[in-house]
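This report concerns only the one structure given below.
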Amino acid sequence: MTATQTPPTAPAAPSLDPKPSSKKPGGIRRIGLFDGVTIAIGLALVAIVVIPLLRVLIGLFWVDGQFTIDPIVRTFAIPDLGELLINTLIVVGGSSLAAAVIGVLLAWLNERTNARMGVVGDALPLLPFLLPPVAGAVGWTMLLSPRAGLLNSWFRDFVSLFGIELETGPFDINSWYGLIMVFTFYAVPFVYMNAAASLRNFDTSLEEASRLSGAGAIRTLVKVTLPAIAPGIGAGLLLCIWFGFGMFSIPSIIGTPAGIDVISVRIVQLLTFTYPPETDIAVGLSGFVVLFVGLAYMMQARILRKGRFATMTGKGSRSAVTDLGAWKWPLRILMLVYVAGSTLLPMFALVIVSLNGYWTPNIGWDSLSLDALRIAVLDDFITRQALANSLGLGLAGGLIGIVAAALVSLYVARNRTAFARGLDVGIKMPAAISNMVIAVGILLLLASPPFNLSGTLIILLIGYLALYLPQASIAADAAVSGVGKELPEASSVSGASPSRTFFRIYLPLMVPGLVAGWALLFIRMVGDLTASAILAGTGNPVVGFRILEVFNGGSYALLAALSTVLVLITATVLVLVMVYARRKSRFGITTKVG
């Protein structure tokens, strides 16, 4: 990445960091227009989370005009509370650690070695994002169901040629390993995106110095590269943990038949499948999520505070490529096998079932047709409307979310005050609360008078922003942390205003990370199931709501067809975004100060 700087034209000028001279005579610091707008945006983002949450909490502790702690007592009185917590920690912790190892390895292979495969290699690890979790879970069920699973059936047919007869299995997706495996597949992209961005920003002179001193590629990776990109890895892990605690569809479809109950499924059952809804116990269980995610957030903050990590400076640098020699093609094949196992196989199952018209291991290959796909999408007005609404909400919500999060992240990075830290915690707070609880709070607050937003796209947009703010904030944090101090300081010395410095220095350097963050938000919003299940309806259908309707109706062929169309749309967006980000990284970003 290159940068062109003009010489400073003034010895002293306003900088992004307020100076003592920016204080009023009374000692109160003057807030500039740019920071004022940023603070207003940050407070608005916090409000769309805090106010609905307060609406739920008030109803929790204030019953019939009196304060009570009965809901807390009832939560601790849950008979299987210990087992519920242990199950959740095993699934979330195990999948997050596995995703960290796989994600960092894929990022290193794609960014630092000759095993990379260009833009194709960049896009492959992100493919699980293309498949909504509910559809991915169904796809894996179609593949590895003990009796009717396609892979199981074909494996039994194969071993029968050698005289081995099996009635079921040998694999069972409804098991501990099946549940953690699918969780891991969906968590890997979080780690990969952040680790890859950190590697692209990393000054490779440190790696070159390590190799010149006699260290090999693996030792350099462990001793130099990994500590330098620790913030990116920490951000990815934090996103994995947040994702794990808030996921409902995967543990419901795969874990429930196996008797593996986790917090998210129990909360949804209490809110949507219990009459009257036991909101008090659901929020009480969310308190444990607050504790676990809060600990993870503190660990990430410690890494950012004390870690030695990579930053983008005003000096040009290029990435050094490690020659893997004979390991090049085996590792490429390993990457392709991983992608095939994580995404292409369940996609294949969904496509085959949609073309076949029903789920059976005995596929009539000569009778496959597009009838189910046509019926599910082209001939169904509600589905077409749901796709249009989801795409519009994904485009608008992703753009609003990532730009707002970038402004707030930059403000927090430049102002190490209690207010700034509180703003940061407020934006990330939805990750520590059950998504279902926040969605219910938004419904209770905005669906009734005086707002009357029930059945509108506005309530869905607010819900998506509230639920996915943490992911936008983490992506923005990673983009901001990759910008060094040299260029912003030069801009300040040359007399540029804070807003000019943002648009001419910070924003161009942050663009690759922000574009990746926008892609993440777009894909999550388009395939959302949590907010859609609560806030969508016949007046504002979206893809997640439609998928839920089809899934509850038991029509696997229609579900497969709708998921296939959604995959094609999100795949197109992802490829375009990855090509753009790669071009920015390859040709560099030129900024002019002053």
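Conditions tested, residue by residue: (1) under 24 Å from the mean Cα position of the chain (by Cα); (2) of a type outside the set (A, V, I, L, M); (3) modelled with pLDDT under 80; (4) assigned to a helix (DSSP H, G or I).
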{"residue": "Ala235", "(1), (2), (3), (4)": "yes, no, yes, yes"}
{"residue": "Phe245", "(1), (2), (3), (4)": "yes, yes, no, yes"}
{"residue": "Ser252", "(1), (2), (3), (4)": "yes, yes, no, yes"}
{"residue": "Ala301", "(1), (2), (3), (4)": "yes, no, yes, yes"}
{"residue": "Ala310", "(1), (2), (3), (4)": "yes, no, yes, no"}
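All conditions but one from (1) surrounded by fewer than 24 Cβ atoms within 10 Å (Cβ to Cβ); (2) part of a helix (DSSP H, G or I); (3) at pLDDT 75 or above apply to Asn540; the one that does not is (2). Among the criteria (1) small (Gly, Ala, Ser); (2) under 27 Å from the mean Cα position of the chain (by Cα); (3) at pLDDT below 85, the one Ser95 does not fulfil is (3). The single condition from (1) touching a helix residue (DSSP H, G or I) at 6+ places or on another chain (Cβ under 9 Å); (2) among the aromatic types (Phe, Trp, Tyr); (3) modelled with pLDDT of 75 or more that Phe202 fails is (3). Which residues, taken from region 249-280, are among the acidic types (Asp, Glu) and within 19 Å of Ser175 (Cβ to Cβ)? Result: Asp261, single match. Residue selection: Ile458 fails the criterion of being surrounded by 23 or more Cβ atoms within 10 Å (Cβ to Cβ), at pLDDT 85 or above, assigned to a helix (DSSP H, G or I) and not hydroxyl-bearing (Ser, Thr, Tyr). Taken as a whole, the condition of being within 26 Å of Met347 (Cα to Cα), in contact with a helix residue (DSSP H, G or I) (Cβ under 8 Å, 6 or more places away or on another chain) and not in a helix (DSSP H, G or I) does not apply to Gly178.
In the set Leu391, Leu410, Leu355, which member is within 25 Å of the chain's Cα centre (by Cα), assigned to a helix (DSSP H, G or I), of a type in the set (A, V, I, L, M) and closer than 24 Å to Ala137 by Cα? Exactly one of Leu391, Leu410, Leu355 is within 25 Å of the chain's Cα centre (by Cα), assigned to a helix (DSSP H, G or I), of a type in the set (A, V, I, L, M) and closer than 24 Å to Ala137 by Cα, namely Leu391. Does Asp172 satisfy the condition of being assigned to a helix (DSSP H, G or I), on the phi < 0 side of the Ramachandran plot and of a type in the set (Asp, Glu)? No. Residues in region 254-288 that are in a helix (DSSP H, G or I) and touching a residue at least 24 places away in the same chain (Cβ under 8 Å): 21 in all.
Residues are listed down the side, and each one gets a yes or a no for (1) at pLDDT 85 or above; (2) more than 19 Å from Asp528 (Cβ to Cβ):
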| residue | (1), (2) |
| --- | --- |
| Ser354 | no, yes |
| Tyr358 | no, yes |
| Ser390 | yes, no |
| Leu395 | yes, no |
| Gly398 | yes, no |
| Val412 | no, yes |
| Pro430 | no, no |
| Met436 | no, no |
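Note on region 364-402: residues that are touching a residue at least 12 places away in the same chain (Cβ under 8 Å) and out of contact with any Pro (no Cβ under 7 Å at 6 or more places or on another chain) total 24.
If I go through region 403-456 residue by residue, how many of them are more than 22 Å from Ala479 (Cβ to Cβ), touching a Ser or Thr at 6+ places or on another chain (Cβ under 9 Å) and of a type in the set (Ser, Thr, Tyr)? Looking only at that region, the number is 3. For region 192-199, the condition of being at pLDDT below 75, assigned to a helix (DSSP H, G or I) and surrounded by fewer than 24 Cβ atoms within 10 Å (Cβ to Cβ) holds for none of the residues.
Filtering region 320-336 to residues that are in a helix (DSSP H, G or I) and surrounded by 13 or more Cβ atoms within 10 Å (Cβ to Cβ) leaves Trp327, Lys328, Leu331, Arg332, Leu334, Met335, Leu336. Among the residues of region 265-286, count how many are more than 25 Å from the chain's Cα centre (by Cα) and over 11 Å from Ile72 (Cα atoms). Summing the residues that are more than 25 Å from the chain's Cα centre (by Cα) and over 11 Å from Ile72 (Cα atoms) in region 265-286 gives 8. If I filter region 9-57 down to residues being at pLDDT below 50 and β-branched (Val, Ile, Thr), which single residue comes out as farthest from Ile281 (Cα to Cα)? It comes out as Thr9. On inspection, Ala531 qualifies as at pLDDT 75 or above, closer than 30 Å to Ile352 by Cα, crowded, with 20+ Cβ neighbours inside 10 Å and of a type in the set (Gly, Ala, Ser).
The values are calculated or read from the model by the stated rules, or taken from the named source; none is laboratory data. Remember, it's a predicted structure, so these values are computed and weren't measured experimentally. As a convention, Cβ positions derive from the backbone with ideal geometry for all residues, glycine included, and neighbour counts pool all protein chains shown.
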